[in-house]
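Q: One structure follows; several queries about it will come next.
The values are calculated or read from the model by the stated rules, or taken from the named source; none is laboratory data. Bear in mind the structure is a predicted one, so any value in this text is a computation, not a measurement. Reconstructed Cβ throughout: ideal geometry from the backbone, glycine too, with neighbour counts over all protein chains shown.
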């Protein structure tokens, strides 16, 4: 399913690339845009994780520099039956996190210092379990590739503002004209954002549930989401504001709220996510009580601090 969705997404963004090129500079513009799209697809697949980590100034850490953090990731990766990912820390007051990498063997997780400073041991485990769920579901590939290509679409549209209407005549001339090209500069990034939204929201719910299973307690992630939500939208994230195409990668939307945030948000409502996690916790407790009443061992899904 994830590989099919990745292919569908790349095809949609490539088609959008070509359409923008045609509207800006006719058939020649479409050809140039399609060549650029092909190159960007290859670049995004092989290098987008490094590009995104570099955008945020992420620094890799290890057992010597961040033993507690790396230890949590290692235990969670073992529980999720995943290879050990690379671990990064981002300097920033906004509590947030994301995962990246083209597959579980080349995955990385990044957390901000704001998250580490504000969260309990268990809440950090809940957040990291959510990110490892994205890795296990191969979401990190599609989210990172989307961020790279969506950002490139915005760059292409901006470039078209200067060169798209400069063709002499015929097939090399923009069918939109100067005014149309200016409108496209505004509308093209919205089109890319809609493609991101089409696949992004449901993946967060799936990663929440899988993350709860990996860490063993839905309440840990629910509590972390409440804390992140309370701070994230009121704490400026300069890197995210400069690179809004990467917003969907984070566990909670890192951008400041606007009037249309709920309509165009790449994330589900945090309160709804928390409610779903707490409903899951109640279901697990009910299953535990039911097993206990039938004389079966009361093995709860909800673990009590299994981290070293």
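Q: Quick test of your reading of the structure: residue 50 fulfils all but one of (1) over 18 Å from residue 131 (Cβ atoms); (2) out of contact with any helix residue (DSSP H, G or I) (no Cβ under 8 Å at 6 or more places or on another chain). Name the failing condition by number.
A: Failing condition for residue 50: (1).
Q: Here is a further query. In the list 51, 84, which residue meets the criterion of being modelled with pLDDT of 75 or more and in a helix (DSSP H, G or I)?
A: On the way: 84 fails: in a helix (DSSP H, G or I).
After ruling out the rest, the residue left standing is 51.
Q: I've got another one for you. Of all residues in the stretch 89-111, count the ones that are closer than 12 Å to residue 53 by Cα and not in a loop (DSSP other than H, G, I, E, B).
A: Looking only at that region, the number is 10.
Q: Just to be sure, is residue 44 out of contact with any helix residue (DSSP H, G or I) (no Cβ under 9 Å at 6 or more places or on another chain), in a helix (DSSP H, G or I) and modelled with pLDDT under 95? Lay out the reasoning, then the answer.
A: Numbers: out of contact with any helix residue (DSSP H, G or I) (no Cβ under 9 Å at 6 or more places or on another chain): no; in a helix (DSSP H, G or I): yes; modelled with pLDDT under 95: yes.
Answer is no for this residue.
Q: Among the residues in the stretch 135-149, are any assigned to a helix (DSSP H, G or I), at pLDDT 90 or above and closer than 20 Å to residue 249 by Cβ? Give the steps one after another, and end with the answer.
A: Step one: of the stretch 135-149, the residues assigned to a helix (DSSP H, G or I) are 135-136, 139-149.
Within this subset, residues satisfying the condition of being at pLDDT 90 or above are 135-136.
Okay, now just the ones that are also closer than 20 Å to residue 249 by Cβ, so 135-136.
Looking for residues that are assigned to a helix (DSSP H, G or I), at pLDDT 90 or above and closer than 20 Å to residue 249 by Cβ, one finds at least one in the stretch 135-149, hence yes.
Q: Looking only at the stretch 218-226, decide whether some residue is more than 27 Å from residue 284 (Cα to Cα) and within 17 Å of the chain's Cα centre (by Cα).
A: So in the stretch 218-226, the residues more than 27 Å from residue 284 (Cα to Cα) come out as none.
Within the stretch 218-226 (the criterion being more than 27 Å from residue 284 (Cα to Cα) and within 17 Å of the chain's Cα centre (by Cα)), the answer is no, since none of the residues qualifies.
Q: Let me ask another. What's the number of the condition residue 69 fails, among (1) over 30 Å from residue 13 (Cα atoms); (2) touching a helix residue (DSSP H, G or I) at 6+ places or on another chain (Cβ under 6 Å)?
A: Condition (2) is where residue 69 drops out.
Q: For residue 76, indicate whether it is part of a helix (DSSP H, G or I) and at pLDDT below 95. Write out each step before concluding.
A: Details: part of a helix (DSSP H, G or I): yes; at pLDDT below 95: no.
The answer is no for residue 76.
Q: State all residues of the stretch 1-17 that are surrounded by fewer than 19 Cβ atoms within 10 Å (Cβ to Cβ) and either at pLDDT 70 or above or outside any helix (DSSP H, G or I) (or both); if no residue qualifies, say none.
A: If the condition is that a residue be surrounded by fewer than 19 Cβ atoms within 10 Å (Cβ to Cβ) and either at pLDDT 70 or above or outside any helix (DSSP H, G or I) (or both), then 1, 8, 11, 12, 14, 15 are the ones that fit.
Q: Out of the residues in the stretch 42-61 that are surrounded by 14 or more Cβ atoms within 10 Å (Cβ to Cβ) and without any contact (Cβ under 8 Å) to a residue 12 or more places away in the chain, state the one that is nearest to residue 91 (Cα to Cα).
A: The qualifying residue nearest to residue 91 (Cα to Cα) is 50.
Q: Collect the residues in the stretch 64-73 that are touching a residue at least 40 places away in the same chain (Cβ under 8 Å) and either surrounded by 16 or more Cβ atoms within 10 Å (Cβ to Cβ) or part of a loop (DSSP other than H, G, I, E, B) (or both), keeping them in residue-number order.
A: Initially, the stretch 64-73 is screened for residues touching a residue at least 40 places away in the same chain (Cβ under 8 Å), giving 68-69, 71-73.
Scanning the stretch 64-73 gives 69, 72, 73.
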